[in-house]
Amino acid sequence: MPERPYVVASAAQSVDGYLDDRAEARLVLSGEADLDRVDGVRAGCDAILVGAHTVRRDDPRLLVRSPERRQARVAAGLPPNPAKVVLTRSGDLDPGAAFFTAGSAARLVYAAGGSAEELRTRLGSAATVVDVGDDPGDGLADLPAVLADLHRRGVRRLLVEGGRRVLTGFLTAGLVDEFHLVVAPFFVGDPHAPRLVGPGDFPHGADDRMRLVEVRRVGDVVLARYLLAAADDYWLRQAIDLSRACPPTESAYAVGAVVVDDTGHEIATGYSRETGPREHAEEVALSRVDPADPRLASATMYSSLEPCSARASHPVPCADLIIRAGIRRVVLAWREPPLFVDCHGVERLRDAGVEVVERPELAGPAREVNAHLFD
């Protein structure tokens, strides 16, 4: 899978699951308090993506509204607003739409179905048009290709705001790491109005539920925030990538570790021997976090290798360091083979009440980094 941004999908619906009604004016689902919350989410992203129907129907500006948040972005060396991204198959986009005219953010149009050349002529300097072809499944742009191109352009955190077809495409493709769902306290009741998503083969069914990490009242709506399995894959791949930076040795594994809070933001990283010849990845990452940091209680430790339960180089093994830090969830790619020690890190963690998730489908890449130890 190519490198891609961390993807946050955001949507609001009525109690009975509708995104909109069929009136000419757009249905307002949330109030000022939730709009301000979304503004904060936008300010924390590198780009905001919508479908062409949303541009035509809602004419969104896709800008950060708060001057303070824009100033904070500039102080961090970022443009005042995230880049704007739209997916289109038909090429039916008005150059006078607010997407193209409001603000100075970079604008990217990913065109499918052979519409790119005509769009370049019509939009001119108003946007950069990228031809990504059609996805053979549903006529949307090739979403992995879109994400790979955005990553190459420096987008590390992407906010997907819809509409229905785009949300369905990202969710069924398993390309959403975090899902923010707002429920408004009323019904629509029109069977012909657009629902949150369309039919599809979703990776999270009744037997593979999303992980609920927050429920919050925001004005008169309710926010439910979920983490999806794709988030674990995303961060575990980052840990494996970090392991490739380890100084080589014949006497220890190359391991990468990432500590992530429950909002999908990195807290700290580390890799084996990064700061000294005997340090382990989890040890390095935790050394960079204040032990009193309240985020640790709901954080996840991602490690390319099972955290050690015994070691000669330090009196406290990494499994115990994780337990002492108060981290309650660990995701790993590869169980440690009995090459140097007999490791029981998974059992040590589970005995302490830590949730341990193993992703053996990523054990291969983690092992490849250490292939020299088994030659």
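The values are calculated or read from the model by the stated rules, or taken from the named source; none is laboratory data. Everything numeric here is computed off the predicted structure, so don't read it as measured data. Neighbour counts are summed over all protein chains in view; Cβ atoms, including those assigned to glycine, are modelled from backbone coordinates with ideal geometry. Heavy atoms of the whole protein, side chains included, go into the accessibility calculation; ligands, DNA and RNA do not. Shrake-Rupley method; radii C 1.70, N 1.55, O 1.52, S 1.80 Å.
The sole residue among 236, 223, 286 that is part of a helix (DSSP H, G or I), closer than 30 Å to residue 182 by Cβ and open to solvent by less than 40 Å² (accessible area, probe 1.4 Å) is 236. The conditions of being at positive phi, open to solvent by less than 20 Å² (accessible area, probe 1.4 Å) and either touching a Cys at 6+ places or on another chain (Cβ under 7 Å) or not aromatic (Phe, Trp, Tyr) (or both) are not met by residue 169. The residue pairs whose first member lies in the stretch 318-347 and is at positive phi, whose second member is open to solvent by 20 Å² or more (accessible area, probe 1.4 Å), and whose beta carbons are closer than 7 Å, counting only pairs six or more residues apart or on different chains, are 326/297. Within the stretch 84-105, being touching a residue at least 40 places away in the same chain (Cβ under 8 Å), open to solvent by 20 Å² or more (accessible area, probe 1.4 Å) and at negative phi holds for 89, 92. Taking residue 199 as the residue in question, decide whether it is closer than 27 Å to residue 371 by Cα, without any contact (Cβ under 8 Å) to a residue 40 or more places away in the chain and either surrounded by fewer than 14 Cβ atoms within 10 Å (Cβ to Cβ) or under 12 Å from the mean Cα position of the chain (by Cα) (or both). So residue 199 does not fit the description; no. Quick check, is residue 181 open to solvent by less than 10 Å² (accessible area, probe 1.4 Å), of a type outside the set (Asp, Glu), in a strand (DSSP E or B) and closer than 26 Å to residue 229 by Cβ? Taking the combined requirement at face value, the residue does not satisfy it.
Scan the stretch 141-154 for residues that are over 17 Å from residue 129 (Cβ atoms) and part of a loop (DSSP other than H, G, I, E, B) and jot them down. Scanning the stretch 141-154 gives a single hit, 154. None of 320, 351 is open to solvent by 10 Å² or more (accessible area, probe 1.4 Å), modelled with pLDDT of 95 or more and in contact with a Lys or Arg (Cβ under 8 Å, 6 or more places away or on another chain) except 320.
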